[in-house]
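Taking it in order: structure first as structure tokens, then the write-up.
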Amino acid sequence: MREALIRPQAIAHNVQAIRQATSAAKTLVVVKAGGYGHGAVIAARAALEGGADWLGTADVDEALELREAGITAPVLSWLFGPTDDLSVALENGIDVGVSSLGQLAQVVSQASPGTPVSPGTVARVHLKIDTGLGRSGATPDQWAALCEAAAAAEGGGKVRVVGVFSHLSGASAEADALQGAAFALACDQARATGLDPELCHISASNATSNSPELASDMVRIGIAAYGVPVAGRFAGLGLRPAMRFSGQVVLTKRVSSGHGVGYGHTYRTTGEATLALVPLGYADGVPRHASSAGPVVIGGRRFSVSGRVSMDQFSVDVGDHGVREGDWCVLWGDPAEGHPSVEEWAEAAGTIGYEMITRVGPRVPRVIER
Ligand SMILES: *Cc1c(COP(=O)(O)O)cnc(C)c1O
């Protein structure tokens, strides 16, 4: 009665189209947060089919999930805590993003030291510079010391600095350009310290679409791979949404005019009407903020959520239209198929498409389209 239809072919298509549109030699596809709600392994395999060179995750456990599924492609993870054990990830060839001397020390100490008969692991790291986002990454003041410590660790055979990276704020084109300039400087500084990073990378979906000059050696593509619209050049690439979120009408009934609908009676029927009950609520990722606003399509016809979204269900006033129990109510999908877009929902809920797709709950089965 609930379904998130996942379309791996759309992801593969999107990645292929984006690869052709970027000058970067390599494309990393981000599959964090369960592949943005689509399923990490499904998304990863589809991305690789579309030509992705690298995969990216936030947590190392997310990266290990890919290894456990037999995926051998290079994987970069950029978020770990001071008490996390990275040894298994390092042994499995997961590259880690390193933002500080403390994180570098943690990685060096957790890479297996080796024995007379085994060489041990060389930790593969990407040093991260904070060029202005104010999140992770070393500040420009800390950068020289981080590069020197990494060069020393490389000299000791414990670490290989594979990359240098940063992340953009998207505050404005000017702000991103300033960050890009600071990044180019940081890459030069790293090389001047004796490091030889193969991959400098800063752009995610938005900058890859809007600021192609920042593409550098690799772009890290998340949201656009899943077909959620990104402004700029990508608008012309024909990217296809990779998720269709729907629920089956479980009950219909006729009610009289003025009937209150849902908690707080924030909606009332304006005439005799049929109410259709849909078994999706905020526990499933339907935002309560989209109460009486979120668009739906049932039987090819557009309606909207009527009244409050509750934990497990919401109602739709379908008036006199012939909606029946068992009909599918699509919340978002591919507009080319007549369904509302993720963006419309994001707007109705006062949020962004990222939050819509990553919040589809565990109670919703992911059905893979073949
Ligand atoms: C999530 C993330 C990305 C992908 O961003 P999109 O906007 O989804 O393309 C890239 N890089 C880092 C560091 C991220 O955390």
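The values are calculated or read from the model by the stated rules, or taken from the named source; none is laboratory data. Computed from a predicted structure; not experimentally measured. Don't worry about glycine lacking a Cβ; one is built from the backbone with ideal geometry, like all the others, and counts go over all protein chains shown. What goes into the accessible areas is simple: the full protein's heavy atoms, side chains included, and nothing from ligands, DNA or RNA. Shrake-Rupley method; radii C 1.70, N 1.55, O 1.52, S 1.80 Å.
Filtered by the rule that a residue be open to solvent by less than 40 Å² (accessible area, probe 1.4 Å) and within 24 Å of Thr208 (Cβ to Cβ), region 139-169 gives Val161, Val162, Gly163, Val164, Phe165, Ser166, Leu168. Might you check whether a residue that is at pLDDT 95 or above and either farther than 28 Å from Pro362 by Cβ or over 34 Å from the mean Cα position of the chain (by Cα) (or both) occurs anywhere in region 274-295? Scanning region 274-295 turns up at least one residue that is at pLDDT 95 or above and either farther than 28 Å from Pro362 by Cβ or over 34 Å from the mean Cα position of the chain (by Cα) (or both). Criterion applied to Glu65, Glu3 was being within 23 Å of Ile223 (Cα to Cα) and open to solvent by 50 Å² or more (accessible area, probe 1.4 Å), and the one residue passing it is Glu65. A single entry from Ser203, Ser209 fulfils the requirement of being part of a loop (DSSP other than H, G, I, E, B) and surrounded by 22 or more Cβ atoms within 10 Å (Cβ to Cβ): Ser203. Within region 245-261, the set of residues being open to solvent by 60 Å² or more (accessible area, probe 1.4 Å) and not in a loop (DSSP other than H, G, I, E, B) comprises Leu251, Lys253, Arg254.
Considering region 350-367 alone, what residues qualify as being more than 16 Å from the ligand (Cβ to nearest atom) and open to solvent by 40 Å² or more (accessible area, probe 1.4 Å)? Answer for region 350-367, where residues must be more than 16 Å from the ligand (Cβ to nearest atom) and open to solvent by 40 Å² or more (accessible area, probe 1.4 Å): Gly350, Pro362, Arg363, Pro365, Arg366, Val367.
The set of residues from region 214-223 being within 6 Å of the ligand (Cβ to nearest atom) and open to solvent by less than 10 Å² (accessible area, probe 1.4 Å) comprises Ile221, Gly222, Ile223.
Take the residues in region 11-25 that are outside any helix (DSSP H, G or I) and touching a helix residue (DSSP H, G or I) at 6+ places or on another chain (Cβ under 9 Å); name whichever of them is farthest from the ligand (Cβ to nearest atom). The qualifying residue farthest from the ligand (Cβ to nearest atom) is Ser23.
Each row is one residue, and each column tells you yes or no for (1) open to solvent by less than 40 Å² (accessible area, probe 1.4 Å); (2) assigned to a loop (DSSP other than H, G, I, E, B).
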site	(1), (2)
Asp312	no, yes
Arg324	no, yes
His339	yes, yes
Glu344	no, no
Ala348	yes, no
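Among the residues of region 101-115, the ones that are farther than 22 Å from Glu148 by Cβ and either open to solvent by 50 Å² or more (accessible area, probe 1.4 Å) or of a type in the set (Phe, Trp, Tyr) (or both) come to 2 in all.
Looking only at region 93-100, decide whether some residue is open to solvent by 50 Å² or more (accessible area, probe 1.4 Å), at negative phi and not hydrophobic (A, V, I, L, M, F, W, C). The answer is no; no qualifying residue exists.
Would you mind stating whether Ser118 is loosely packed, with under 15 Cβ neighbours inside 10 Å and not in a helix (DSSP H, G or I)?
yes
Go through region 13-26 residue by residue and tally those that are crowded, with 22+ Cβ neighbours inside 10 Å and either under 30 Å from Gln248 (Cβ atoms) or over 15 Å from the mean Cα position of the chain (by Cα) (or both). The number of residues fulfilling the criteria is 3. One residue alone among Ala144, Ala138, Ala181 is hydrophobic (A, V, I, L, M, F, W, C) and closer than 23 Å to Val60 by Cα, and that residue is Ala138. Among the residues making up region 42-57, those that are within 16 Å of the ligand (Cβ to nearest atom) and more than 17 Å from Arg124 (Cβ to Cβ) are Ala43, Ala44, Ala46, Ala47, Gly50, Ala52. Residue check: Gly271 meets all listed conditions (1) buried (at least 17 other Cβ atoms within 10 Å of the Cβ); (2) more than 16 Å from the ligand (Cβ to nearest atom); (3) within 30 Å of Gly319 (Cβ to Cβ) but one, namely (1). Pairs are defined by a Cβ separation below 7 Å, a sequence spacing of at least 6 or placement on different chains, a first member in region 299-311 that is within 22 Å of Gly361 (Cβ to Cβ), and a second member that is among the acidic types (Asp, Glu); the pairs so defined are Ser306/Asp317.
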